[in-house]
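To keep things clear, I will list the structure first and then write my remarks on it.
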Amino acid sequence: MHYTVRQFADIFHTTEHTIRYYTDIGLLPCQRDEGNRRVFDEESVNWMQGIVCLKGCGASIEDIKEYCRLCRLEENEKNLRARYQIFLKQREAAYQRLKEAETTVEYMEHKIKHYEDILAGTIPDDSNPVKWTENNRPERHEK
């Protein structure tokens, strides 16, 4: 089966511009029809699924390009280890994003509890910065 740029973009819930960009930078293989329009086949689907996976992991375009380059090389242990290193790097970045998300959730839980106390009337409303003075500013919570 062959897909047009529009069909391919729809399949992957992205834009035609993104699909063209990926083909232009060599990430996504495509063929050309008799009108020199890009057409995509099942091999293109496989590559795009890999690209989407890496993007979802937070990989940069440079890392994805390197991964794709390595995938096109001869299979050997050095190549396999290089691809493995890319995923180790992405895992570390994912753990960092997770830590940041946990810190954000902790801060939000604190603020929600604070608003609940205000709404329950157990503390005065000190949430509006207009009312803050040097003596009654809430403590800072760093992310």
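Among all positions in segment 96-109, there is at least one residue which is among the polar types (S, T, N, Q), in a helix (DSSP H, G or I) and within 16 Å of the chain's Cα centre (by Cα). The set of residues from segment 27-63 being open to solvent by 40 Å² or more (accessible area, probe 1.4 Å), in a loop (DSSP other than H, G, I, E, B) and more than 19 Å from Met1 (Cβ to Cβ) comprises Asn36, Cys57, Gly58, Ser60. Answer yes or no: is there a residue in segment 123-130 that is part of a helix (DSSP H, G or I) and open to solvent by less than 90 Å² (accessible area, probe 1.4 Å). Yes - at least one qualifying residue is present in segment 123-130.
On the stretch given as segment 64-109, residues that are over 19 Å from Ile51 (Cβ atoms) and open to solvent by 80 Å² or more (accessible area, probe 1.4 Å) total 19.
Among the residues of segment 87-143, write down those that are of a type in the set (Gly, Ala, Ser) and within 30 Å of Asp63 (Cβ to Cβ). Hits for segment 87-143 are Ala93, Ala94, Ala101.
Please work out if Tyr21 is among the hydroxyl-bearing types (Ser, Thr, Tyr) and open to solvent by 90 Å² or more (accessible area, probe 1.4 Å). For Tyr21, the condition - among the hydroxyl-bearing types (Ser, Thr, Tyr) and open to solvent by 90 Å² or more (accessible area, probe 1.4 Å) - is met.
Could you tell me which residue of segment 20-40 is farthest from Ile64 (Cα to Cα), considering only residues that are of a type in the set (A, V, I, L, M, F, W, C) and in contact (Cβ under 8 Å) with a residue 24 or more places away in the chain?
So, considering only residues that are of a type in the set (A, V, I, L, M, F, W, C) and in contact (Cβ under 8 Å) with a residue 24 or more places away in the chain, the one farthest from Ile64 (Cα to Cα) is Val39.
The values are calculated or read from the model by the stated rules, or taken from the named source; none is laboratory data. Computed from a predicted structure; not experimentally measured. Glycine gets a Cβ as well: all are built from the backbone with ideal geometry, and neighbour counts include every protein chain shown. When the accessible area is computed, the model is the full protein with side chains, heavy atoms only, and any ligands, DNA or RNA have been set aside. Shrake-Rupley method; radii C 1.70, N 1.55, O 1.52, S 1.80 Å.
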